[in-house]
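Let me give you the structure first, and then I'll get to my questions.
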Amino acid sequence: MKALTVFGIDLTSAETKPSACLALDGKLQLIYLGFLNKDSDVIDTVSLYSPEVIAIDAPLSLPLGLCCLEENCACQPKFDRKNRQCDQELRRRGIPCYPTSKKTFIKDLIYRGIELKNRLCQQGFQVIEVYPYASKVRLFGKAIPRKTTPQGIAFLKERLRSILPTLKPYLDIFDHNLCDAAIAAYTALLFCWNMVDALGSSEEGLIFIPSTSSCDRKGDG
């Protein structure tokens, strides 16, 4: 039987900006970390490890009814809301997230995420959408310092030491992007262990966040 492996990708909006990638096995062991620019490099690296699940930190679908995010296109959302159902469900839980409407300021990230997901799925991989901030709220509570501050980085590294002890030797080199990639990969493991909640609809798109029961799991692979 093939050993369980998962990948977490903190995707950027363009190939000119490296994306943090991190892979774990089913025993919470670190098996890869690095920064990759091109989608082709991401796909090639993922293919080396044949992960069970790839978790991408980026919107991977459009609101129903939209074929694109271009304001000059006639396509219109099916429902009278500014975002996808999964985004609305996050907000109802008090978790802010980026807009996915035609007014969004992350259009390039959404397009890139959808394209990368499609290419990975064409190769037979299972790809899920995750939102590391929502995962952190579920795992650590809402009192989370801003991740781009020294306090925020220290907070994340301390929490990662708790849930992923094997990262300890490497945390000195972690920035907030690698922290988010680690949280994405951990959420992918929770997905494999049926310890996630699915927000949204399968028709439009799902975001997976840790279930409340997963909050008691402390690096006990």
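The values are calculated or read from the model by the stated rules, or taken from the named source; none is laboratory data. All figures in this text were calculated on a predicted structure; none of them were measured in a lab. FYI the Cβ positions are ideal-geometry reconstructions off the backbone, even for glycines, and counts take in every protein chain you see. For accessibility, only protein heavy atoms count, side chains too; no ligands or nucleic acids. Shrake-Rupley method; radii C 1.70, N 1.55, O 1.52, S 1.80 Å.
Looking only at the range 70-88, count every residue that is surrounded by fewer than 20 Cβ atoms within 10 Å (Cβ to Cβ) and outside any loop (DSSP other than H, G, I, E, B) and tell me the total. Please lay out each step first, then the result.
So the first thing to find is which residues in the range 70-88 are surrounded by fewer than 20 Cβ atoms within 10 Å (Cβ to Cβ), and the list is 70-82, 85, 88.
Next cut, outside any loop (DSSP other than H, G, I, E, B) only: 85, 88.
The number of residues fulfilling the criteria is 2.
Let me ask you something else. Kindly indicate whether ARG112 is in contact (Cβ under 8 Å) with a residue 40 or more places away in the chain, farther than 24 Å from LEU164 by Cβ and not in a loop (DSSP other than H, G, I, E, B).
Numbers: in contact (Cβ under 8 Å) with a residue 40 or more places away in the chain: yes; farther than 24 Å from LEU164 by Cβ: yes; not in a loop (DSSP other than H, G, I, E, B): yes.
So ARG112 fits the description; yes.
OK, next. Are any of the residues in the range 90-104 charged (D, E, K, R) and at pLDDT 95 or above? Don't jump to the end; show me each part of the working.
Of the residues in the range 90-104, the ones charged (D, E, K, R) are 91-93, 102-103.
Subsequent filtering for residues that are at pLDDT 95 or above retains none.
No, every residue in the range 90-104 fails to be charged (D, E, K, R) and at pLDDT 95 or above.
Given the conditions (1) open to solvent by 10 Å² or more (accessible area, probe 1.4 Å); (2) assigned to a helix (DSSP H, G or I), report the number of the one that LYS147 does not fulfil.
Just one mismatch for LYS147, condition (2).
Another one. Quick one: is LEU4 in contact (Cβ under 8 Å) with a residue 40 or more places away in the chain and open to solvent by less than 30 Å² (accessible area, probe 1.4 Å)?
Numbers: in contact (Cβ under 8 Å) with a residue 40 or more places away in the chain: yes; open to solvent by less than 30 Å² (accessible area, probe 1.4 Å): no.
In short, no.
Are any residues in the range 7-17 out of contact with any helix residue (DSSP H, G or I) (no Cβ under 7 Å at 6 or more places or on another chain) and in contact (Cβ under 8 Å) with a residue 60 or more places away in the chain, and if so, which ones?
Matches in the range 7-17: THR12 only.
Something else now. Would you point out which residue out of LEU156, LEU189, LEU160, LEU171 is of a type in the set (A, V, I, L, M, F, W, C), in contact with a strand residue (DSSP E or B) (Cβ under 7 Å, 6 or more places away or on another chain) and outside any loop (DSSP other than H, G, I, E, B)?
Numbers: LEU156 fails: in contact with a strand residue (DSSP E or B) (Cβ under 7 Å, 6 or more places away or on another chain); LEU160 fails: in contact with a strand residue (DSSP E or B) (Cβ under 7 Å, 6 or more places away or on another chain); LEU171 fails: in contact with a strand residue (DSSP E or B) (Cβ under 7 Å, 6 or more places away or on another chain).
It is LEU189.
Condition first: under 24 Å from TRP193 (Cβ atoms), open to solvent by less than 10 Å² (accessible area, probe 1.4 Å) and aromatic (Phe, Trp, Tyr). Can you find one or more residues in the range 19-33 that meet it? Talk me through it step by step, then tell me what you get.
Going through the range 19-33, the residues under 24 Å from TRP193 (Cβ atoms) turn out to be 20-33.
Restricting the remaining residues to those that are open to solvent by less than 10 Å² (accessible area, probe 1.4 Å) gives 20-24, 28.
Going one step further and asking which of them are aromatic (Phe, Trp, Tyr), we end up with none.
No, there is no match, as no residue in the range 19-33 is under 24 Å from TRP193 (Cβ atoms), open to solvent by less than 10 Å² (accessible area, probe 1.4 Å) and aromatic (Phe, Trp, Tyr).
Also, I was wondering about something else. In this structure, does ARG138 turn out to be within 21 Å of LEU199 (Cβ to Cβ), part of a helix (DSSP H, G or I) and not β-branched (Val, Ile, Thr)? Quick ask: steps written out before the conclusion?
On the way: within 21 Å of LEU199 (Cβ to Cβ): yes; part of a helix (DSSP H, G or I): yes; not β-branched (Val, Ile, Thr): yes.
Criteria met by ARG138.
Can you tell me how many residues in the range 48-57 are among the aliphatic types (A, V, I, L, M) and surrounded by 24 or more Cβ atoms within 10 Å (Cβ to Cβ)?
Matching residues across the range 48-57 total 3.
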